[in-house]
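First up is the structure itself, then whatever we jot down about it.
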Amino acid sequence: QVQLVESGGGLMQAGGSQRRSCAASGNIFSIDVMAWYRQVSGKARELVARITSADSTYFADSVKGRFTITRDNDKNTVYLQMNSLQPEDTAVYYCYAYYRANHYWGQGTQVTVSS
């Protein structure tokens with residue numbers, strides 16, 4: 001069993017930056033994939049960024065060049081650095097982990113970017 005605890009979020013101004021973190025706990029060795037998703041009310045949850053245990057990354061086109069994802073394998077923690085935030089980034093952000101063929105989600109945290 002993996003528990004994901006997120007930190008960060010809240011209200012920010014357009015053009016601002018924030019770093020989110022998500023710490024995984026439980027009897028785990030090495031998490032295969034960690035990622036961040038986001039969801040706007042009434043829309044499907046979308047993948048924002050993903051990082052594998054080999055540090056291979058993927059970014060949605062909407063955040064390329066603005067967001068960075070990194071992970072600390074010793075701490076089982078994933079970070080999402082969000083720069084040049086835009087109102088379109090407003091959403092509930094969820095941390096995700098894929099471990100031993102199971103999917104795990106964080107509790108979700110609202111990020112609101114005001115213009």
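The values are calculated or read from the model by the stated rules, or taken from the named source; none is laboratory data. All values derive from a computational prediction rather than experimental measurement. Positions of Cβ are backbone-derived with ideal geometry, glycine not excepted, and every protein chain shown enters the neighbour counts. Keep in mind that these areas ignore ligands, DNA and RNA; they rest on the heavy atoms of the full protein, side chains included. Shrake-Rupley method; radii C 1.70, N 1.55, O 1.52, S 1.80 Å.
A few comments on the model shown:
- Taken over region 72-101, the criterion of being under 14 Å from Phe29 (Cα atoms) and not acidic (Asp, Glu) is satisfied by Asn73, Lys75, Asn76, Thr77, Ala97, Tyr98, Tyr99, Arg100, Ala101.
- Within region 5-33, restricting attention to residues that are under 18 Å from Val48 (Cβ atoms) and of a type in the set (Ser, Thr, Tyr), the residue that is modelled with the lowest pLDDT is Ser7.
- Test: residue in region 26-41 that is without any contact (Cβ under 8 Å) to a residue 40 or more places away in the chain and in contact with a Ser or Thr (Cβ under 9 Å, 6 or more places away or on another chain): no
- Residue within region 76-98 that is over 11 Å from the mean Cα position of the chain (by Cα), part of a loop (DSSP other than H, G, I, E, B) and among the charged types (D, E, K, R) present: no
- The listed residue being more than 15 Å from Thr70 (Cα to Cα) and surrounded by 14 or more Cβ atoms within 10 Å (Cβ to Cβ), out of Arg20, Arg45: Arg45
- If only residues of region 23-42 that are farther than 24 Å from Thr112 by Cβ and assigned to a loop (DSSP other than H, G, I, E, B) are counted, the one that is most open to solvent (accessible area, probe 1.4 Å) is Phe29.
- Pairs are defined by a Cβ separation below 9 Å, a sequence spacing of at least 6 or placement on different chains, a first member in region 57-72 that is more than 14 Å from Arg38 (Cβ to Cβ) and assigned to a loop (DSSP other than H, G, I, E, B), and a second member that is polar (S, T, N, Q) and open to solvent by 40 Å² or more (accessible area, probe 1.4 Å); the pairs so defined are Gly65/Asn83; Gly65/Ser84.
- Residue check, Gly10 of a type in the set (Gly, Ala, Ser) and more than 18 Å from Asp74 (Cα to Cα): yes
- Restricting region 60-78 to residues that are surrounded by fewer than 18 Cβ atoms within 10 Å (Cβ to Cβ) and at pLDDT 95 or above, the residue that is farthest from Thr112 (Cα to Cα): Thr70
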